[in-house]
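J.: Would you mind keeping the following structure in view while I ask a few things?
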Amino acid sequence: MQISSRGTWSGAVGFILASMGSAVGLGNVWRFPYITGQYGGAAFILAYLGCILAIGIPLLLAEFLIGRKTERNPVGAFRTLRPGSPWVLTGWLGVISAFVILSYYAVVGGWVLHFVYLSLIDSFSQKSAAEITALFGAMNANPGLQIFWLMIFMLLTVVIVSRGVSRGIETGNRIMMPLLFALLLVLLVYALQTERAATGLEFLLRPQWQKLRATAILEALGQALFSLSLGMGAMITYGSYLSRQTNLVRCTFFVAIGDTLVAVLAGFVVFPLVFSFGLEPSAGPGLIFRTLPVAFSQLPASYWVALAFFVLLSFAALTSSLSLLEVACAYFVDERRWSRKQASWTLGMAIFLLGIPSAIGEEFLSFMDGIATNYLLPIGALLIAVFTGWAMKHSERREEFAIADGSAFRFACWSVLIRFLSPVALILIFLHQLRLF
Ligand code: TRP
């Protein structure tokens, strides 16, 4: 067998931490608070929780299951399960999505590193709001600077991935994830003690049902997919390094709960700060890079708070980028027999080059993001759901599920969700993206 040369997690804890690391990312700390603000606070959060439970969790389980069953990258996984069929294209779509997403995700990761640097050299304290806001614009107007930080971010990603599944990815997550949780708790305690924290909390906890339209529910679903890293085989790849003994159902719940908790807690950090200073919960990258530093600058211990926040964000971004690079890397290692070193360095270089246009122009970055989140991921997720629910035989699904979990009831629930609810919901998202619904 070539399992040993592919690598494996050291155990369930390593697997859960790595998958949580993939899931917890910029999506949780930046995007979730901002769209929650847009779509009515608590009402949106409830819709989001519903999407995680009814669609996110069944799909996450499906990806883990396909990965563990085949012990392959997404292309190899579909090829193994349905040799010679067009289903292999689902795997290909995943590998392409990995390139597309990482190329701009790494640019934003580079911004975060630049802000870690700005925090380190104490750039926010004793400055006016206008001066602080200008820092983000200055960085955006400087392609050389962004390309530099993009390169650093990709270097960190490649160095970790090239060290292997357990020595690189797992070790990286074992270090960064606990620190991320610790920093989040410190920031939470801090944010809740600011003077007008209650205004921010009220915004998050009091549902404004009238803002919750169909669009908001579809937005919640798209966010649930992105946040759980679904729809491109990242979780197939991570599942493929898992041993047979692990209880998949339990791991799935751990990852989903951890990811959701971080998103909600990030909201509890961001909104009290934003509202305490009468700042707008404005759209786009601005909320984190423009608005929050202004809030930090007016708070006690601003130096340490800003540093803690951007270090947290860089860990979140880095642990997610590992999973994106690993999808492409696993394909070249499994199917093309490249060494892991060769695969990670070559692919890292290619993705760095592909990222340069996004570093030069923010429009290109938004364009790539739009392609990925509006088309590639929903289509990928739909294909994975249909594959698991309809192309796989009942007995195939049942057998793999039953290895770790004998409950007929849980299996029946999952089957219904993955066969009916997930595909219908995903088709609705997609029609909505095309403005047909
Ligand atoms: N889930 C990560 C976030 O919330 C991003 C991410 C990592 C991702 N791997 C992925 C998104 C695979 C989609 C697919 O930021």
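J.: Based on the mean of other beta carbon atoms within 10 Å per residue, what is the order of 220-227, 30-37, most packed first?
T.: Highest mean packing first, the order is 220-227, 30-37.
J.: At 7 Å along the Cα-to-beta-carbon direction for both residue 131 and residue 250, put a label point, then send me their distance in nm to one decimal.
T.: In this crude label model, residue 131 to residue 250 measures out at 5.5 nm.
J.: Output ³J(HN,Hα) for the range 45-58: one whole-Hz value per residue in order, computed from phi by the Karplus curve 6.51 cos²θ - 1.76 cosθ + 1.60 with θ = phi - 60°, and x for Gly and Pro.
T.: Running phi through 6.51 cos²θ - 1.76 cosθ + 1.60 with θ = phi - 60° gives 4, 5, 4, 4, 4, x, 5, 4, 5, 7, 10, x, 5, x Hz.
J.: Let me ask something else. Taking the Cα centre of each part, how many Å lie between the range 351-422 and the range 174-205?
T.: 31 Å
J.: Just to check I understand the Karplus step: with θ = phi - 60° and J = 6.51 cos²θ - 1.76 cosθ + 1.60, what whole-Hz values come out for the range 143-153, glycine and proline as x?
T.: x, x, 5, 5, 5, 4, 5, 4, 5, 4, 4
J.: To continue, here is another question. For the full complex of protein chains and a 1.4 angstrom probe, list 69, 211 by accessible area with the highest value first.
T.: Most to least solvent-accessible, the answer reads 211, 69.
J.: How high is the relative contact order of the chain, in percent, counting Cα pairs under 8 Å that sit 6 or more residues apart?
T.: Answer for the chain is 35 percent.
J.: Can you quote the Å³ per residue value for the convex hull of the Cα atoms in the range 283-342, rounded to an integer?
T.: In the range 283-342, the Cα convex hull volume per residue is 94 Å³.
J.: May I pose another question? Give the average over all directions of the projected area of the C-alpha convex hull of the range 56-108, one decimal, in nm².
T.: Computing the convex hull of the Cα atoms and averaging its projections yields 4.3 nm².
J.: Per 0.36 nm of contour for each residue apart, how much would the distance between residue 396 and residue 188 grow if the chain were fully extended, relative to their Cα-Cα spacing?
T.: Taking 0.36 nm per residue and subtracting the Cα distance, the gain is 70.4 nm.
J.: Could you tell me how far the Cα centroid of the range 120-147 sits from the Cα centroid of the range 228-271, in Å?
T.: For the range 228-271 versus the range 120-147, the Cα centre distance is 34 Å.
J.: Place a +1 charge on the Cβ of each Lys and Arg in the chain and a -1 charge on the Cβ of each Asp and Glu, then give the dipole magnitude about the Cα centre in debye, rounded to the nearest 20.
T.: Here the size comes out at about 1040 debye.
J.: Ignoring any ligand, DNA or RNA, what whole percent of the accessible area of the chain comes from carbon and sulfur when the probe is 1.4 angstrom?
T.: 68 percent
J.: Still on this structure: How far is the Cα center of the range 34-94 from the Cα center of the range 302-344, in Å?
T.: 19 Å
J.: Beta carbons within 10 angstrom, averaged per residue: use that to sort the peptides 425-434, 384-393, highest first.
T.: Ranked from most to least packed, the peptides come out as 384-393, 425-434.
J.: While we're on this one: Roughly what would the spin-label model give for residue 427 and residue 214, points 7 Å off Cα along C-beta, in nm?
T.: 1.5 nm
J.: Return the Rg/Rh value of the chain, two decimal places, where both radii are evaluated on C-alpha atoms and Rh is the Kirkwood radius.
T.: Result for the chain is an Rg/Rh of 0.96.
J.: For the charge dipole of the range 83-238, defined by +1 on Lys and Arg C-beta atoms and -1 on Asp and Glu C-beta atoms about the Cα centroid, which residue among 218, 125, 205 has the Cα displaced farthest towards the positive pole?
T.: Farthest along the dipole direction, towards plus: 218.
J.: Follow-up question, since we're still on this one. Per residue, how much accessible area does the chain show when a 1.4 Å probe rolls over the protein heavy atoms, in square angstrom?
T.: 38 Å²
J.: Can you find, among 299, 349, 287, the residue farthest towards the positive end of the dipole of the range 250-365? Put +1 on the C-beta of Lys and Arg, -1 on that of Asp and Glu.
T.: About the Cα centre, the residue reaching furthest to the positive side is 349.
J.: A further question on this structure: Determine Rg/Rh for the range 383-437; Rg is computed over alpha-carbon atoms and Rh is the Kirkwood hydrodynamic estimate from the same atoms.
T.: Taking Rg over the Kirkwood Rh, I get 1.11.
J.: So how tilted is helix 340-360 from the main axis of the chain? Cα-based, degrees 0 to 90, rounded to 10.
T.: Compared with the principal axis, the helix lies near 40 degrees.
J.: Could you tell me how many cubic angstrom of Cα convex hull volume the range 156-288 has per residue?
T.: 158 Å³
J.: May I pose another question? Angle check, please: helix 129-140 long axis (alpha carbons) against the longest principal axis of the chain (alpha carbons), in degrees 0 to 90, nearest 10.
T.: Value to nearest ten degrees: 40.
The values are calculated or read from the model by the stated rules, or taken from the named source; none is laboratory data. Worth saying up front: this structure is predicted, and the values here are computed from it rather than measured. For neighbour counting, all protein chains shown are included, and Cβ atoms are generated from backbone atoms with ideal geometry for every residue, glycine included. Only protein heavy atoms, including side chains, enter the accessible area calculation; ligands, DNA and RNA are left aside. Shrake-Rupley method; radii C 1.70, N 1.55, O 1.52, S 1.80 Å.
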